[in-house]
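Every number in this text was worked out from the coordinates using simple rules, so none of it is lab data. The shown structure was predicted, so the numbers you read here are calculated from the model rather than taken from an experiment. Please note: Cβ atoms are built from the backbone with ideal geometry, for glycine as well, and neighbour counts cover all protein chains shown.
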Amino acid sequence: MTINDITTYEVADRFTRYVQIDTQSDPYATSFPSTEKQKDLSRILVQELLDLGISDAHLDEFGYVYATIPSNTDKQIPVICFCSHVDTSPDSSGTQVKPLIHTNYQGTDLVLPDDPSVVIRFADHPDLANQIGNDVITASGKTLLGADDKAGVAEIMDAARLLMQNPEIKHGTIKILFTPDEEIGRGVNHVDIAKLGADFGYTMDGERAGTIEDETFSANGLTITIQGVSVHPGFAKGKMQSAVKIATDIIAALPNDRLSPETTRGKEGFVHPNRISGTVEEATIEFIIRDHNTALLDSHQKEVEDIVKSVIANYPKATYQIDVQEQYRNMKEVLDQHPQIMEIGIEAIRRAGMEPERRSIRGGTDGSRLSFMGLPCPNVFAGGHAFHGKQEWVSRQDMEQAVKTILHIVALWEERA
């Protein structure tokens, strides 16, 4: 039997089970993982891996799942890791997700029953045109779905099942890694790279079927802390300098026709204030700074600081502090040194029956940081769309294509060894 002859996929069944387990991460928690409930799914994954005969599967104290599928060939092959994250975004509720399967989709608008105001419109989701006749999975209208990235988790799990059950698919040693807290930028904070023991990796966390991504944003976080002057408002004339008002003046002074998420696309970078809080006495603004060209981060940050200086000049008794935190870097800087990783990924997609599409990501993945930790790691499609919101969807057929792509990746590494 060849890989393309396989018809017994279980990926959709796994996916619809996994999304019903609430694994939402919390950006304001100080623990790791940020929420204990992420481990609820991870424990299930470990048991399912053990049931498949993968004897070293385990969950560590930080919420990572590690597992090894042993080599079944005498060839010397690099150890390949497949990685996905179990957490879902804090941007929309992940509690009591009710997955709905819209079988034999025919291009209609999908009205979600638990909140009919949530409509997945055919006209607003161009990729639905590729789903005619497929089985589209959505949530019910009150939550996100969790395709980001439980689709990737389910695909890796089903690929593991098929590899264990079909020894005629020759492959080297395969490592499995499931991470927590990817959605809040902490997904690989405690990964033990030496313990993982992989040479190269693939995250299964992309979007449209057939895509593979080898370029991400480089990313920094920037926090501005403003110290104002607090005075009783009844006696404040000429004395009060409100940190809250200063913060809003800074936000208002940002460019509104460029350098923002809503005015950029492709490889254009941006400066995005994503949280503001405070009082008259002290206020903070949190930014994310993004660009595919790492060198441009400094110029974006300088532009923000110039705006802050200009605004604060109008408040001579107020002061400010700017702190910058490195978040992740463009993985292309590493992946270009190992072209065979992408070559095999692209050929695997082609052998699975799709036209490969090499893309850049306007964001980041666990693979961004893993690449700089010594595990070069592009991002392969998982099939989900409209991430982080109630209109999120994925199709059964695209997830099956992702499973098939994983199988071809491991077979190609063996074939070319």
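Placing +1 on the Cβ of each Lys and Arg and -1 on the Cβ of each Asp and Glu in segment 245-389, which of Ser310, Phe387, Phe270 has its Cα farthest towards the positive end of the resulting dipole? It is Phe387, whose Cα lies furthest towards the positive end. Proximity of backbone amide H atoms, modeled 1.01 Å from N, is registered between His171 and Asn72, Thr73 at under 5 Å, excluding neighbours fewer than 5 places apart on the same chain. The charge dipole of segment 278-334, taken about its Cα centre with unit charges on the Cβ of Lys, Arg, Asp and Glu (plus for the first two, minus for the last two), comes to roughly 120 debye. Only the Cβ atoms of Lys and Arg (+1) and of Asp and Glu (-1) were treated as charged; on that basis the dipole of the chain about its Cα centre amounts to roughly 740 debye. What whole-number distance in Å separates the alpha-carbon centres of segment 144-158 and segment 296-345? One Cα centre to the other: 31 Å.
Between amide H atoms placed 1.01 Å from N, distances below 5 Å from Thr23 occur with Thr88, all of them 5 or more places distant or on a separate chain. Using only the Cα atoms of the chain, build the gyration tensor, take square roots of its eigenvalues as a ≥ b ≥ c, and label the shape rounded, prolate or oblate: rounded if a/c is under 1.5, else prolate if a/b is larger than b/c, else oblate. The shape class here is prolate.
The trypsin sites (Lys or Arg not before Pro) of segment 92-155 that DSSP puts in a loop, and whose beta carbon has at most 14 other beta carbons within 10 Å, are Arg121. What residues from segment 302-336 fall in the zone where the backbone N is under 19 Å from a label point 7 Å along the Cα-to-C-beta line of Lys239? Answer for this model: 315-319.
For segment 141-292, the residue among Ala198, Asn220, His232 whose Cα projects farthest onto the positive side of the dipole built from Cβ charges is His232. Applied to segment 16-33, the Karplus parametrisation 6.51 cos²θ - 1.76 cosθ + 1.60 on θ = phi - 60° returns per-residue 3J(HN,Hα) values of 5, 6, 5, 5, 7, 9, 6, 10, 4, 8, 10, x, 9, 7, 9, 7, 9, x Hz, with x for Gly and Pro.
Near the amide H of Glu357, within less than 5 Å, lie the amide hydrogens of Thr211, Ile212, all on another chain or at least 5 residues away, with H placed in the peptide plane.
Which loop trypsin sites (Lys or Arg not before Pro) in segment 199-243, with loop taken from DSSP, have no more than 16 other Cβ atoms within 10 angstrom of their Cβ?
Lys237, Lys239
Its Cα centre serving as origin, segment 187-312 has a Cβ charge dipole (Lys and Arg +1, Asp and Glu -1) of approximately 640 debye.
Here the 3J(HN,Hα) profile of segment 114-128, calculated from phi with Karplus coefficients 6.51, -1.76 and 1.60 at θ = phi - 60°, is 6, 7, x, 6, 8, 10, 8, 8, 4, 5, 8, 10, x, 5, 5 Hz, Gly and Pro shown as x. Across segment 213-219, computed HN-Hα scalar couplings (Karplus, 6.51 cos²θ - 1.76 cosθ + 1.60, θ = phi - 60°) run 10, 10, 9, 10, 4, 8, 9 Hz from first to last residue, x flagging Gly and Pro. Restricting the trypsin sites (Lys or Arg not before Pro) of segment 266-372 to loop positions (DSSP other than H, G, I, E, B) with no more than 16 neighbouring Cβ atoms within 10 Å leaves Lys267, Lys317.
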